[in-house]
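Below: one structure, written as structure tokens.
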Amino acid sequence: MRAEGARRHPRGPAGPAVHGGAGRCHDREMAPSTGELSSIATALEELTRRVTVHADAADAAKDDETAKELFAIERALTGASRRLSRLTASMKRV
């Protein structure tokens with residue numbers, strides 16, 4: 001069950017819906033800017049780096065289950081970073 005006032009994302013349980021390249025921000029249409037997406041990409045890269053550090057530490061400590069999960073998270077974050085980079089590059093070409 002969703003929390004009161006939570007937004008539903010078309011592909012997930014929460015988050016703003018995205019239609020035609022524009023999202024909603026405080027009940028008004030807002031096109032994503034390449035500057036904002038670049039900032040998100042930077043934060044995503046930092047988060048990926050931090051997860052990698054913890055995954056490596058878990059691996060070194062022979063905590064196989066934690067390392068396995070963290071490396072899976074790292075792969076997902078890396079994939080998300082690549083997708084965001086492709087999106088930003090395609091927006092710059094338009």
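The values are calculated or read from the model by the stated rules, or taken from the named source; none is laboratory data. Quick caveat, the model's predicted, so the values are computed rather than measured. When we count neighbours, we look across all protein chains shown, and the Cβ atoms used for this are built from the backbone with ideal geometry, even at glycine.
The single condition from (1) exposed (fewer than 15 other Cβ atoms within 10 Å of the Cβ); (2) closer than 30 Å to R93 by Cβ that E74 fails is (1). Every listed requirement among (1) of a type outside the set (S, T, Y); (2) modelled with pLDDT of 95 or more; (3) within 25 Å of K92 (Cα to Cα) is met by K68 save one, (3).
Restricting attention to segment 9-64, the residues that are closer than 30 Å to V94 by Cα and either at pLDDT 90 or above or out of contact with any helix residue (DSSP H, G or I) (no Cβ under 7 Å at 6 or more places or on another chain) (or both) add up to 38.
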